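First up is the structure itself, then whatever we jot down about it.
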Amino acid sequence: MAERVQDLVIGGGVIGVNCAHALADAGRDVALIEKNRICSGCSHGNAGWISPSHSLPIPTPGLVTQTLKWMLRGDSPLYIKPTLRPSMLGWLWRFFRQCNHEAEVRGLAALAALHQQVPVLSRQIVERYGLDCEFSHRGNLYVYLDEQKLAHAEEELALLREHGIEGTLLGRSEVLEREPAVTPAIAGGIFYPHDADMVPHQFVKGLAEQLPRMGVRIITGADVGGFVRSADGTVRGITASNGEIRADSIVLAAGAWTTKLARELGVRLSMQPGKGYSITYGAQPGTPAGPLYLVDSKIGVTPWRNTFRLAGTMELAGLQLEINQRRVAAIERGAKSHLPGFQAENVQEVWTGMRPLCSDALPVIGPSVKAPNVYFATGHAMLGLTESVVTGRLIAQLILGQTPDVPLEPFSPDRF
């Protein structure tokens, strides 16, 4: 006989865990199913940032020319493997169409609204359960080597300020005073005081440990085979390798793997898996005191109590997890160009994960007209940790029939 719950969440990463938490917190009967282990994907090895400062969407004016140059280099910050796959070609066409000022402003307005309270909401979850994840509301320093890029960043800062995201422009001496580990060859920087950070896997696993106490059944090591429908076509549940689960509502939070499930519902997401990398080291000299974004190299730097992480690159090469050592070396090289005292010693982990990147770089949150009781929570790209708590809250509001805190039209799965 099939198991029955009110709400079934598919995906055990930071988005799925937060959706399950928000629903259980509202008194719902919830199950969460994950094909591997909890926090075994992108939620494990990212930079750990909760960053409203990253509210400008990835497609920006001028990115087409830059991307074409990067495509010729296998170690570039954004690498797109040449392919004739129709899905990838269609995605690229839509992505490049977004590289204009009008689309950038629309995307910024949508993301800024979504990011308005994310550090506060994350802090509340951490403090509520006493999660040991080194949460710190210490801001983030963006560092620029190139004068022209710094000048362009001033223009972007003006746009961010229009949407309530504050940052402080710093000259070379001010950056070095704040962060002596940085090379004196810098042009300057911008400090975003409202950004926060934490050790991502400790947050996800710590919150997941609370779920069974709230009545959530967690099922790991189980593949979802397909959907169960009633005679009128309504989705009533799923088939999985461990049996059938019936549910009133289903939340698709399977990250880059959501595209396949969506296709079975007749929903075509313009989303590709974007491979990201990170390298985690033991604590060592030459590392900064706080988080840095090395803008010229597109590398995130996060020091924690006993570890230090570099994270970066976006590789569009299909759904595969092979580690490209050339890209790992490029991350270390980029970090050393900004942090002259950093020796890249005591490597603890080299990691890669697949980030779900939509062609407009906005997440997918909410139901489709093709399956009104199936709720999408995916496409968060590099902002999964940033947007996780608010996404869970919004999904719970939708399922409970409440008015969402944030307008969700820009994030509809039917926008493609």
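Every number in this text was worked out from the coordinates using simple rules, so none of it is lab data. Please read all numbers here as calculations on a predicted model, not as lab measurements. Don't worry about glycine lacking a Cβ; one is built from the backbone with ideal geometry, like all the others, and counts go over all protein chains shown.
Here are some notes:
- For the listed peptides 15-26, 112-123, 397-408, a ranking on the average number of other beta carbons within 10 Å per residue, highest first, reads 15-26, 112-123, 397-408.
- Of 304, 91, the sequence from fewest to most neighbouring Cβ atoms within 10 angstrom is 304, 91.
- With R₀ fixed at 30 Å, the C-beta to C-beta distance from residue 227 to residue 320 puts the FRET efficiency at about 0.70.
- With the helix formula -39500 (n - 2.57) applied to DSSP H stretches of n ≥ 4, the chain reaches a computed 222 nm mean residue ellipticity of -9500 deg cm²/dmol.
- For the options 252, 160, 357, a Gaussian network treatment of the chain with springs between C-alpha atoms closer than 10 Å singles out 160 as fluctuating the most.
- Using the Cβ-Cβ distance between residue 333 and residue 264 with R0 = 41 Å, the FRET efficiency computed as 1/(1 + (r/R0)^6) comes to roughly 0.45.
- Overall Cα dimensions of the chain, principal axis frame, Å, largest first: 67, 46, 41
- Look at the alpha carbon pairs under 8 Å that are at least 6 residues apart: their mean separation over the length of region 286-350 gives a relative contact order of 31 percent.
- Shown here are the Rg and Dmax of the Cα trace of region 271-343, at 12.8, 40 Å.
- Likely footprinting exposure, 287, 83, 391, fewest C-beta neighbours within 10 Å first: 83, 287, 391
- Derived scalar couplings between HN and Hα for region 223-234 equal 7, 7, x, x, 9, 9, 10, 7, 4, 8, x, 5 Hz in order, rounded to whole Hz, by the Karplus curve 6.51 cos²θ - 1.76 cosθ + 1.60 (θ = phi - 60°), x for Gly and Pro.
- Note on the chain: dipole from Cβ charges, positive end direction compared against 135, 317, 148; the farthest Cα belongs to 317.
- Non-local lysine pairs in the chain, meaning eight or more places apart or on different chains, with alpha-carbon distances under 16 Å, amount to 9.
- Order of 7, 197, 414 - criterion: other Cβ atoms within 10 Å of each residue's Cβ, fewest first: 414, 7, 197
- Longest site-free stretch - the chain; sites: GluC sites (Glu not before Pro), DSSP loop, at most 15 other Cβ within 10 Å: 1-165
- Fluctuation leader among 242, 100, 306 - the chain, Gaussian network, Cα springs under 10 angstrom: 306
- Bridge type composition, the chain - antiparallel percent by DSSP, nearest 5: 70 percent
- Here region 130-271 is treated as a Stokes sphere of Kirkwood radius computed over C-alpha pairs; at 20 °C and 1.002 mPa s its diffusion coefficient rounds to 107 µm²/s.
- Every Cα-Cα pair of region 239-397 was included, and the share exceeding 22 Å stands at 52 percent.
- Residue among 28, 236, 213 with the largest mean-square fluctuation in a Gaussian network model of the chain, springs linking Cα atoms under 10 Å: 213
- Inter-probe distance in nm under a simple model that places probes 7 Å from Cα toward Cβ, at residue 89 and residue 148: 3.3 nm
- Between residue 370 and residue 248, the modelled labels are 2.6 nm apart [label points 7 Å from Cα along Cα→Cβ].
- Every Cα-Cα pair in region 360-416 was counted, and those over 16 Å apart are 36% of them.
- 17 Å cut-off, amide nitrogen to a point 7 angstrom out along residue 29 Cα→Cβ, residues in region 200-231: 212-219
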